[in-house]
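Asker: Following this message is one structure expressed as structure tokens.
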């Protein structure tokens, strides 16, 4: 019998939903970068990933939430604004300061952005479990 997303433990479902949202974030940043500078593309892509994450988390990770939809959205945005700051700061520091200093030339912006996306997984899980979808 195949596992369905709802049969996985909640942290695994969160990581899976986050992975899909991170992929949306990462790919859309490359697309946005065609029309926007790097920092602006990171922010725009973050919101695309955030919308994806909200929908997946609401349906598959925290389906039994007793918070009303408007409260879920408000808390989701609040928790993710903190994660956006983490993502933006890490991405910019790595791409503009650390990687040039160490001579990294292999897709420095892509690697920096990927690290920036992964970093807030733990803080986001805790925030969403405690406040967004309690």
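The values are calculated or read from the model by the stated rules, or taken from the named source; none is laboratory data. Being a predicted model, the structure only gives us computed values, none of them experimental. Here the Cβ positions follow ideal geometry from the backbone for every residue, glycine too, while neighbour counts run over all protein chains shown.
Asker: Would you confirm, using the coordinates I've provided, whether residue 21 is in contact (Cβ under 8 Å) with a residue 24 or more places away in the chain, on the phi < 0 side of the Ramachandran plot, more than 15 Å from the chain's Cα centre (by Cα) and assigned to a helix (DSSP H, G or I)?
Answerer: Spelling it out, it is not the case that residue 21 is in contact (Cβ under 8 Å) with a residue 24 or more places away in the chain, on the phi < 0 side of the Ramachandran plot, more than 15 Å from the chain's Cα centre (by Cα) and assigned to a helix (DSSP H, G or I).
Asker: Taking region 91-114 only, how many residues are closer than 25 Å to residue 17 by Cα and in contact with a helix residue (DSSP H, G or I) (Cβ under 6 Å, 6 or more places away or on another chain)?
Answerer: Matching residues across region 91-114 total 4.
Asker: Restricting to region 39-53, what's the tally of residues that are out of contact with any helix residue (DSSP H, G or I) (no Cβ under 6 Å at 6 or more places or on another chain) and in contact (Cβ under 8 Å) with a residue 40 or more places away in the chain?
Answerer: Residues that pass the stated criteria total 2.
Asker: Right, here's the next one. Would you check if there is a residue in region 53-63 being farther than 21 Å from residue 126 by Cβ and under 17 Å from the mean Cα position of the chain (by Cα)?
Answerer: Checked against the condition, which is being farther than 21 Å from residue 126 by Cβ and under 17 Å from the mean Cα position of the chain (by Cα), region 53-63 yields no hits at all.
Asker: If you don't mind, there's one more thing I want to ask. Taking only region 33-65 into account, find how many residues are assigned to a helix (DSSP H, G or I) and surrounded by 19 or more Cβ atoms within 10 Å (Cβ to Cβ).
Answerer: Final tally of qualifying residues: 13.
Asker: Looking at the structure I just gave you, is residue 99 under 14 Å from the mean Cα position of the chain (by Cα) and surrounded by 12 or more Cβ atoms within 10 Å (Cβ to Cβ)?
Answerer: Here the answer is no, as residue 99 does not meet what is asked.
Asker: Something else now. Report yes if some residue within region 82-100 is outside any helix (DSSP H, G or I) and under 29 Å from residue 9 (Cβ atoms); otherwise report no.
Answerer: Among the residues of region 82-100, not one is outside any helix (DSSP H, G or I) and under 29 Å from residue 9 (Cβ atoms), which makes the answer no.
Asker: Still on this structure: Please work out which one of (1) modelled with pLDDT under 95; (2) surrounded by 18 or more Cβ atoms within 10 Å (Cβ to Cβ) is the condition residue 121 fails and give its number.
Answerer: (2)
Asker: May I pose another question? Within 21 Å of residue 6 (Cβ to Cβ) and in a helix (DSSP H, G or I) - does that describe any residue in region 102-110?
Answerer: For region 102-110, residues within 21 Å of residue 6 (Cβ to Cβ) and in a helix (DSSP H, G or I): absent.
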